[in-house]
Each structure stands twice: as C-alpha cells, then as structure tokens.
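Visitor: Structure below; questions to follow.
The values are calculated or read from the model by the stated rules, or taken from the named source; none is laboratory data. Predicted model only: the values in this text are computed from it and were never measured. Neighbour counts run over all protein chains shown; Cβ positions are idealised from the backbone, glycine included. We work out accessible area using only protein heavy atoms, side chains counted, and drop any ligands, DNA or RNA first. Shrake-Rupley method; radii C 1.70, N 1.55, O 1.52, S 1.80 Å.
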Amino acid sequence: MLRIKVKLFATIRDAAGVNAVEVDAHTVADAARALSQQFPAAAQLIARSRFAVNQSFAPAETMLGEHDEVAVIPPVSGG
C-alpha cells in the first residue's frame, strides 16, 4: 500500500484533532476505511463525506498515486 497524506477539514478536523493524517491506501475507499478505523468517533461523518484528489472530487474507486493530494470534504448544512 501507499502512504498517503489526507487533509481534514471542518467537523472531521475537529473530531480528529489534526489538520492532516497519513494512511495506507491504494484507493479513495481504502483511505476512507483507514480514516474511519483511526477515528471511530468520526466514522459516520466520513461515510457521508466527499473526497477530493488533486482538488477534484473523486469516486471511491479512484486509484491514488504517490504524490496525490487527498482531502476529505464533510457535508455542510445551512440555515
């Protein structure tokens, strides 16, 4: 597996207590699974979040490369 740096934002960053974390992943789905295992309190939120690879939204099956920038974008609500 590749060691991938994942940037965290908003409520996921707050739940994790860090701005970024490294996980072992080959795909976006692998990254989501690893994050959910590392931060179980945020697992439901991670499951509802979108992932971006190199600043473009990416589906779960997207393969990751060594220098890809991965970010988790949690859902937002407005009022």
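Visitor: Hey, any hits in segment 22-39 for a residue that's touching a Ser or Thr at 6+ places or on another chain (Cβ under 7 Å), within 16 Å of E69 (Cα to Cα) and open to solvent by less than 30 Å² (accessible area, probe 1.4 Å)?
Guide: So far as segment 22-39 goes, yes, one or more of its residues are touching a Ser or Thr at 6+ places or on another chain (Cβ under 7 Å), within 16 Å of E69 (Cα to Cα) and open to solvent by less than 30 Å² (accessible area, probe 1.4 Å).
Visitor: Could I ask something else about it? Working only within segment 48-73, note down all residues that are surrounded by 11 or more Cβ atoms within 10 Å (Cβ to Cβ) and either closer than 16 Å to F9 by Cα or touching a Lys or Arg at 6+ places or on another chain (Cβ under 7 Å) (or both).
Guide: The answer is S49, R50, F51, A52, V53, N54, F57, E69, V70, A71, V72, I73.
Visitor: Please work out if V76 is touching a helix residue (DSSP H, G or I) at 6+ places or on another chain (Cβ under 9 Å), open to solvent by 40 Å² or more (accessible area, probe 1.4 Å), of a type outside the set (F, W, Y) and in a loop (DSSP other than H, G, I, E, B).
Guide: yes
Visitor: Condition first: assigned to a loop (DSSP other than H, G, I, E, B) and without any contact (Cβ under 8 Å) to a residue 24 or more places away in the chain. Now tell me which residues in segment 37-73 satisfy that.
Guide: Residues satisfying the conditions are N54, Q55, H67.
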